[in-house]
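K.L.:
Would you mind keeping the following structure in view while I ask a few things?
The values are calculated or read from the model by the stated rules, or taken from the named source; none is laboratory data. Note that this is a predicted model, so its numbers are computed, not measured. As a convention, Cβ positions derive from the backbone with ideal geometry for all residues, glycine included, and neighbour counts pool all protein chains shown.
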Amino acid sequence: MSKIFILFFLTAPILFAAEVIKISKNKMDMAISHEFGKEWEVGNTICVESKAGNRVCGEVVKVKKAGAICKMKSPLDGVAPGDEVVAEEDISIKSEPITDPLDAGSKEDGLENIRKNEPKKGKEKRKLGFGLRGGLSLANFTTDNPNIGDTNNRTALDAGIILDVPFSKSLFGFEPGIYYVQKGYQTSSSATGWDYLDLRLLFKARVIRGDFTPVFYLGPYTALLIKAEFSSGLGVIDTKDSLNLFDFGIIGGLGLEFKVAKGVDLGLSGFYGFGLAGLEKESTFASKNKTIHFLLHVIFQV
(Lines give C-alpha, C1' and ligand atoms only; values in the text may rest on other atoms or scores of the structure.)
Protein backbone atom coordinates (compact mmCIF):
# COMPACT_ATOMS: atom_id res chain seq x y z
CA MET A 1 0.00 0.00 0.00
CA SER A 2 2.87 2.36 0.86
CA LYS A 3 4.48 1.69 -2.54
CA ILE A 4 1.25 2.71 -4.27
CA PHE A 5 1.11 5.91 -2.23
CA ILE A 6 4.74 6.75 -3.07
CA LEU A 7 4.10 6.06 -6.77
CA PHE A 8 1.02 8.29 -6.73
CA PHE A 9 2.96 11.05 -4.96
CA LEU A 10 5.70 10.96 -7.62
CA THR A 11 3.33 10.91 -10.59
CA ALA A 12 0.72 13.37 -9.27
CA PRO A 13 2.51 16.43 -10.71
CA ILE A 14 2.45 14.77 -14.13
CA LEU A 15 -1.20 13.76 -13.86
CA PHE A 16 -2.17 17.24 -12.78
CA ALA A 17 0.11 18.98 -15.26
CA ALA A 18 -1.21 21.78 -17.42
CA GLU A 19 0.12 24.40 -19.80
CA VAL A 20 0.38 28.17 -19.34
CA ILE A 21 -1.96 29.77 -21.90
CA LYS A 22 -1.49 33.44 -21.28
CA ILE A 23 0.10 35.91 -18.85
CA SER A 24 -1.34 39.30 -17.88
CA LYS A 25 0.54 42.56 -18.42
CA ASN A 26 1.34 42.95 -14.71
CA LYS A 27 2.74 39.37 -14.64
CA MET A 28 0.75 38.62 -11.47
CA ASP A 29 -2.05 36.66 -13.17
CA MET A 30 -2.03 33.83 -15.67
CA ALA A 31 -4.39 31.48 -17.48
CA ILE A 32 -3.80 27.72 -17.55
CA SER A 33 -5.45 25.08 -19.71
CA HIS A 34 -7.39 21.92 -18.84
CA GLU A 35 -5.01 19.07 -19.68
CA PHE A 36 -4.65 15.39 -18.70
CA GLY A 37 -8.28 15.41 -17.53
CA LYS A 38 -7.64 18.00 -14.83
CA GLU A 39 -10.64 20.25 -14.11
CA TRP A 40 -9.43 23.09 -11.92
CA GLU A 41 -11.42 24.30 -8.94
CA VAL A 42 -11.27 27.66 -7.18
CA GLY A 43 -8.77 27.37 -4.33
CA ASN A 44 -6.47 24.86 -6.07
CA THR A 45 -2.82 25.65 -5.47
CA ILE A 46 -0.54 25.62 -8.51
CA CYS A 47 3.13 26.23 -9.20
CA VAL A 48 5.03 26.89 -12.40
CA GLU A 49 8.75 26.61 -13.06
CA SER A 50 10.11 28.96 -15.71
CA LYS A 51 12.66 28.08 -18.32
CA ALA A 52 15.08 30.27 -16.34
CA GLY A 53 14.59 28.06 -13.27
CA ASN A 54 12.37 30.45 -11.29
CA ARG A 55 9.55 28.80 -9.34
CA VAL A 56 6.35 30.78 -8.70
CA CYS A 57 3.23 29.53 -6.91
CA GLY A 58 -0.32 30.81 -6.81
CA GLU A 59 -4.00 29.99 -6.38
CA VAL A 60 -6.86 29.36 -8.82
CA VAL A 61 -9.32 32.25 -8.45
CA LYS A 62 -11.61 31.68 -11.46
CA VAL A 63 -12.49 28.69 -13.65
CA LYS A 64 -13.43 29.10 -17.31
CA LYS A 65 -14.28 26.70 -20.15
CA ALA A 66 -10.79 26.71 -21.66
CA GLY A 67 -8.91 26.71 -18.36
CA ALA A 68 -8.49 28.59 -15.12
CA ILE A 69 -7.25 31.98 -13.93
CA CYS A 70 -4.56 32.02 -11.25
CA LYS A 71 -3.39 34.79 -8.92
CA MET A 72 0.35 34.46 -8.34
CA LYS A 73 2.26 35.17 -5.14
CA SER A 74 5.09 36.93 -6.99
CA PRO A 75 5.64 38.16 -10.59
CA LEU A 76 5.91 35.57 -13.34
CA ASP A 77 9.38 36.65 -14.41
CA GLY A 78 10.83 34.31 -16.99
CA VAL A 79 7.58 32.38 -17.39
CA ALA A 80 6.16 32.08 -20.91
CA PRO A 81 3.10 30.49 -22.55
CA GLY A 82 3.83 26.78 -22.94
CA ASP A 83 5.55 26.37 -19.57
CA GLU A 84 4.21 23.53 -17.42
CA VAL A 85 2.03 24.01 -14.34
CA VAL A 86 1.50 21.42 -11.56
CA ALA A 87 -0.80 21.17 -8.54
CA GLU A 88 0.95 21.40 -5.19
CA GLU A 89 0.41 21.80 -1.45
CA ASP A 90 -1.68 24.70 -0.16
CA ILE A 91 -0.03 28.10 0.17
CA SER A 92 -1.33 31.42 1.44
CA ILE A 93 -2.22 33.95 -1.28
CA LYS A 94 -3.30 37.52 -0.49
CA SER A 95 -6.69 38.47 -1.89
CA GLU A 96 -6.09 41.19 -4.52
CA PRO A 97 -7.92 42.35 -7.67
CA ILE A 98 -6.94 40.22 -10.66
CA THR A 99 -6.50 40.96 -14.32
CA ASP A 100 -8.29 38.14 -16.13
CA PRO A 101 -6.22 37.11 -19.18
CA LEU A 102 -9.26 35.25 -20.57
CA ASP A 103 -11.94 37.90 -20.03
CA ALA A 104 -12.03 38.67 -23.76
CA GLY A 105 -12.38 34.99 -24.71
CA SER A 106 -15.01 33.32 -26.83
CA LYS A 107 -18.04 31.69 -25.27
CA GLU A 108 -17.18 28.56 -27.23
CA ASP A 109 -14.78 25.93 -25.94
CA GLY A 110 -11.11 25.93 -26.83
CA LEU A 111 -8.06 28.12 -26.58
CA GLU A 112 -8.12 28.89 -30.33
CA ASN A 113 -11.50 30.59 -30.06
CA ILE A 114 -10.34 32.63 -27.07
CA ARG A 115 -7.33 33.99 -28.93
CA LYS A 116 -9.34 34.57 -32.11
CA ASN A 117 -11.99 36.65 -30.36
CA GLU A 118 -9.68 38.69 -28.18
CA PRO A 119 -10.00 42.44 -29.01
CA LYS A 120 -7.04 44.07 -30.69
CA LYS A 121 -5.56 47.32 -29.52
CA GLY A 122 -6.51 50.33 -31.54
CA LYS A 123 -9.62 48.67 -32.99
CA GLU A 124 -12.24 49.91 -30.51
CA LYS A 125 -15.20 51.47 -32.27
CA ARG A 126 -15.32 55.20 -31.66
CA LYS A 127 -18.78 56.71 -31.21
CA LEU A 128 -20.33 59.73 -32.87
CA GLY A 129 -19.46 62.92 -31.02
CA PHE A 130 -20.31 66.59 -30.89
CA GLY A 131 -18.32 69.45 -29.44
CA LEU A 132 -17.20 73.04 -29.24
CA ARG A 133 -14.02 74.60 -30.64
CA GLY A 134 -12.77 78.13 -30.12
CA GLY A 135 -9.74 80.36 -29.90
CA LEU A 136 -7.84 82.99 -31.84
CA SER A 137 -7.48 83.79 -35.52
CA LEU A 138 -4.42 85.59 -36.87
CA ALA A 139 -5.82 86.95 -40.13
CA ASN A 140 -4.17 88.64 -43.08
CA PHE A 141 -4.51 88.60 -46.85
CA THR A 142 -2.49 88.44 -50.04
CA THR A 143 -2.78 90.94 -52.84
CA ASP A 144 -0.95 92.04 -55.97
CA ASN A 145 -2.14 95.63 -55.52
CA PRO A 146 1.05 97.80 -55.45
CA ASN A 147 -0.78 100.59 -53.64
CA ILE A 148 -1.11 98.48 -50.48
CA GLY A 149 2.08 98.31 -48.46
CA ASP A 150 3.00 96.03 -45.61
CA THR A 151 0.12 94.61 -43.61
CA ASN A 152 -0.06 93.08 -40.13
CA ASN A 153 -2.18 90.27 -38.73
CA ARG A 154 -5.57 91.03 -37.26
CA THR A 155 -5.88 89.07 -34.00
CA ALA A 156 -9.52 88.19 -33.50
CA LEU A 157 -12.09 85.53 -32.61
CA ASP A 158 -12.72 82.07 -34.07
CA ALA A 159 -15.40 79.87 -32.44
CA GLY A 160 -17.82 77.18 -33.55
CA ILE A 161 -19.63 73.90 -33.05
CA ILE A 162 -18.37 70.62 -34.52
CA LEU A 163 -19.53 67.07 -35.22
CA ASP A 164 -17.08 64.16 -34.91
CA VAL A 165 -18.05 61.35 -37.30
CA PRO A 166 -15.76 58.26 -37.09
CA PHE A 167 -15.42 55.85 -40.00
CA SER A 168 -16.36 52.61 -38.15
CA LYS A 169 -13.23 51.12 -36.49
CA SER A 170 -10.89 53.09 -38.75
CA LEU A 171 -8.49 55.73 -37.48
CA PHE A 172 -10.07 58.13 -39.98
CA GLY A 173 -13.10 60.32 -39.57
CA PHE A 174 -15.02 63.35 -40.78
CA GLU A 175 -15.54 66.62 -38.90
CA PRO A 176 -18.00 69.19 -40.22
CA GLY A 177 -18.22 72.43 -38.27
CA ILE A 178 -19.78 75.89 -38.38
CA TYR A 179 -17.66 78.79 -37.12
CA TYR A 180 -17.91 82.50 -36.57
CA VAL A 181 -14.48 83.77 -37.60
CA GLN A 182 -13.05 87.28 -37.87
CA LYS A 183 -10.59 87.92 -40.70
CA GLY A 184 -9.01 90.98 -42.30
CA TYR A 185 -5.74 92.80 -41.74
CA GLN A 186 -4.15 95.89 -40.17
CA THR A 187 -1.71 98.59 -41.19
CA SER A 188 0.07 101.20 -39.14
CA SER A 189 -2.85 103.63 -39.56
CA SER A 190 -5.95 101.51 -40.24
CA ALA A 191 -7.76 98.24 -39.58
CA THR A 192 -9.86 96.20 -41.97
CA GLY A 193 -12.24 93.65 -40.53
CA TRP A 194 -14.15 90.95 -42.41
CA ASP A 195 -16.39 88.69 -40.31
CA TYR A 196 -17.54 85.37 -41.80
CA LEU A 197 -19.70 82.39 -41.03
CA ASP A 198 -17.46 79.47 -42.01
CA LEU A 199 -18.52 75.94 -42.92
CA ARG A 200 -15.46 73.66 -42.62
CA LEU A 201 -15.60 70.06 -43.89
CA LEU A 202 -12.51 68.44 -42.40
CA PHE A 203 -11.27 64.91 -42.92
CA LYS A 204 -9.28 63.80 -39.90
CA ALA A 205 -6.82 61.03 -39.08
CA ARG A 206 -6.04 59.96 -35.53
CA VAL A 207 -2.50 58.63 -35.80
CA ILE A 208 -2.86 56.43 -32.72
CA ARG A 209 -5.58 55.72 -30.19
CA GLY A 210 -5.20 56.18 -26.48
CA ASP A 211 -5.15 58.82 -23.78
CA PHE A 212 -2.85 61.00 -25.92
CA THR A 213 -3.68 61.15 -29.64
CA PRO A 214 -2.13 63.23 -32.46
CA VAL A 215 -4.69 64.24 -35.10
CA PHE A 216 -4.26 65.53 -38.67
CA TYR A 217 -6.93 67.67 -40.37
CA LEU A 218 -7.47 68.65 -44.01
CA GLY A 219 -10.47 69.82 -46.01
CA PRO A 220 -12.30 72.63 -47.79
CA TYR A 221 -14.17 75.54 -46.30
CA THR A 222 -16.79 77.92 -47.63
CA ALA A 223 -17.67 81.22 -45.95
CA LEU A 224 -20.50 83.73 -45.92
CA LEU A 225 -19.55 87.37 -45.34
CA ILE A 226 -21.71 88.91 -42.61
CA LYS A 227 -19.80 92.09 -41.75
CA ALA A 228 -17.06 94.25 -43.33
CA GLU A 229 -15.61 97.49 -41.94
CA PHE A 230 -12.66 99.78 -42.59
CA SER A 231 -11.46 101.80 -39.57
CA SER A 232 -9.06 104.76 -39.60
CA GLY A 233 -8.53 108.08 -37.90
CA LEU A 234 -11.42 109.46 -39.96
CA GLY A 235 -13.91 106.92 -38.58
CA VAL A 236 -15.51 103.60 -39.58
CA ILE A 237 -16.77 102.79 -43.08
CA ASP A 238 -19.00 99.84 -44.02
CA THR A 239 -17.33 98.09 -46.98
CA LYS A 240 -19.54 95.02 -47.31
CA ASP A 241 -21.07 96.13 -50.63
CA SER A 242 -17.65 96.23 -52.30
CA LEU A 243 -16.77 92.63 -51.39
CA ASN A 244 -17.90 89.25 -52.68
CA LEU A 245 -20.51 87.66 -50.43
CA PHE A 246 -18.89 84.20 -50.51
CA ASP A 247 -15.34 82.98 -49.98
CA PHE A 248 -13.93 79.45 -50.21
CA GLY A 249 -10.58 77.76 -49.76
CA ILE A 250 -8.55 74.98 -48.12
CA ILE A 251 -7.75 74.53 -44.43
CA GLY A 252 -5.45 72.03 -42.75
CA GLY A 253 -3.93 71.52 -39.36
CA LEU A 254 -2.42 69.38 -36.64
CA GLY A 255 -3.76 68.80 -33.15
CA LEU A 256 -3.52 66.74 -29.98
CA GLU A 257 -6.42 65.10 -28.13
CA PHE A 258 -6.44 64.06 -24.48
CA LYS A 259 -8.95 61.62 -23.03
CA VAL A 260 -10.10 63.19 -19.75
CA ALA A 261 -13.06 60.90 -19.01
CA LYS A 262 -15.02 58.12 -20.65
CA GLY A 263 -16.38 59.55 -23.90
CA VAL A 264 -14.88 63.02 -23.31
CA ASP A 265 -11.85 64.37 -25.20
CA LEU A 266 -10.09 67.71 -24.85
CA GLY A 267 -7.82 68.97 -27.59
CA LEU A 268 -5.71 71.79 -28.91
CA SER A 269 -4.89 72.41 -32.54
CA GLY A 270 -3.33 74.76 -35.03
CA PHE A 271 -4.72 75.40 -38.52
CA TYR A 272 -3.75 77.32 -41.62
CA GLY A 273 -6.39 78.34 -44.14
CA PHE A 274 -5.93 80.08 -47.46
CA GLY A 275 -8.63 81.43 -49.72
CA LEU A 276 -9.03 80.53 -53.38
CA ALA A 277 -11.64 83.17 -54.25
CA GLY A 278 -11.09 86.85 -54.92
CA LEU A 279 -12.33 89.18 -52.18
CA GLU A 280 -13.36 92.31 -54.09
CA LYS A 281 -16.27 92.49 -56.55
CA GLU A 282 -14.81 94.96 -59.02
CA SER A 283 -11.04 95.02 -59.04
CA THR A 284 -8.24 94.21 -61.43
CA PHE A 285 -6.15 92.99 -58.50
CA ALA A 286 -6.31 89.55 -56.89
CA SER A 287 -6.81 89.67 -53.12
CA LYS A 288 -7.34 86.52 -51.03
CA ASN A 289 -7.71 85.62 -47.37
CA LYS A 290 -5.09 83.75 -45.36
CA THR A 291 -5.57 82.88 -41.70
CA ILE A 292 -3.77 81.06 -38.89
CA HIS A 293 -6.00 79.55 -36.17
CA PHE A 294 -5.04 78.50 -32.63
CA LEU A 295 -7.97 76.60 -31.12
CA LEU A 296 -9.10 74.47 -28.16
CA HIS A 297 -11.92 71.94 -28.35
CA VAL A 298 -13.98 69.50 -26.30
CA ILE A 299 -15.78 66.49 -27.83
CA PHE A 300 -18.52 64.44 -26.14
CA GLN A 301 -19.19 60.99 -27.61
CA VAL A 302 -22.85 59.99 -27.67
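K.L.:
Looking at 29, 77, can you tell me which residue is modelled with pLDDT of 75 or more and touching a Gly at 6+ places or on another chain (Cβ under 9 Å)? Working first, answer last.
P.N.:
Working: 77 fails: touching a Gly at 6+ places or on another chain (Cβ under 9 Å).
Step by step, each of 29, 77 is checked, and only 29 is modelled with pLDDT of 75 or more and touching a Gly at 6+ places or on another chain (Cβ under 9 Å).
K.L.:
Please verify whether the range 235-252 includes one or more residues that are in a strand (DSSP E or B), aliphatic (A, V, I, L, M), closer than 30 Å to residue 206 by Cα and under 18 Å from the mean Cα position of the chain (by Cα).
P.N.:
Scanning the range 235-252 turns up no residue that is in a strand (DSSP E or B), aliphatic (A, V, I, L, M), closer than 30 Å to residue 206 by Cα and under 18 Å from the mean Cα position of the chain (by Cα).
K.L.:
Which one of these is surrounded by fewer than 15 Cβ atoms within 10 Å (Cβ to Cβ) and part of a strand (DSSP E or B): 216, 258, 285, 230?
P.N.:
On the way: 216 fails: surrounded by fewer than 15 Cβ atoms within 10 Å (Cβ to Cβ); 285 fails: part of a strand (DSSP E or B); 230 fails: surrounded by fewer than 15 Cβ atoms within 10 Å (Cβ to Cβ).
Testing whether each residue is surrounded by fewer than 15 Cβ atoms within 10 Å (Cβ to Cβ) and part of a strand (DSSP E or B) leaves just 258.
K.L.:
Scan the range 51-60 and give yes if some residue there is at pLDDT below 80, surrounded by fewer than 21 Cβ atoms within 10 Å (Cβ to Cβ) and in contact with an Asp or Glu (Cβ under 7 Å, 6 or more places away or on another chain), otherwise no.
P.N.:
As a first pass, look at the range 51-60 and keep what is at pLDDT below 80: 51-54.
Applying the additional criterion that residues be surrounded by fewer than 21 Cβ atoms within 10 Å (Cβ to Cβ) yields 51-54.
Still in the running and in contact with an Asp or Glu (Cβ under 7 Å, 6 or more places away or on another chain): 51, 54.
Yes, the conditions are met somewhere in the range 51-60.
K.L.:
Can I ask one more? Does residue 216 fit the bill of being in contact (Cβ under 8 Å) with a residue 12 or more places away in the chain, among the aromatic types (Phe, Trp, Tyr) and more than 17 Å from residue 165 (Cβ to Cβ)? First the steps, then the outcome.
P.N.:
Numbers: in contact (Cβ under 8 Å) with a residue 12 or more places away in the chain: yes; among the aromatic types (Phe, Trp, Tyr): yes; more than 17 Å from residue 165 (Cβ to Cβ): no.
Here the answer is no, as residue 216 does not meet what is asked.
K.L.:
Right, here's the next one. Pairs under 6 Å by beta carbon, first residue without any contact (Cβ under 8 Å) to a residue 40 or more places away in the chain in the range 231-249, partner of a type outside the set (A, V, I, L, M) and surrounded by fewer than 11 Cβ atoms within 10 Å (Cβ to Cβ), six or more apart or different chains?
P.N.:
Pairs that qualify, where the first residue is without any contact (Cβ under 8 Å) to a residue 40 or more places away in the chain and the partner is of a type outside the set (A, V, I, L, M) and surrounded by fewer than 11 Cβ atoms within 10 Å (Cβ to Cβ), are 244/281.
K.L.:
For the range 149-161, which positions are surrounded by fewer than 21 Cβ atoms within 10 Å (Cβ to Cβ) and part of a strand (DSSP E or B)? Walk me through how you get there before you give the answer.
P.N.:
Looking only at the range 149-161, we keep the residues that are surrounded by fewer than 21 Cβ atoms within 10 Å (Cβ to Cβ), and these are 149-157, 159-161.
Of everything in the range 149-161, those that are surrounded by fewer than 21 Cβ atoms within 10 Å (Cβ to Cβ) and part of a strand (DSSP E or B) turn out to be 152, 154, 155, 156, 157, 159, 160, 161.
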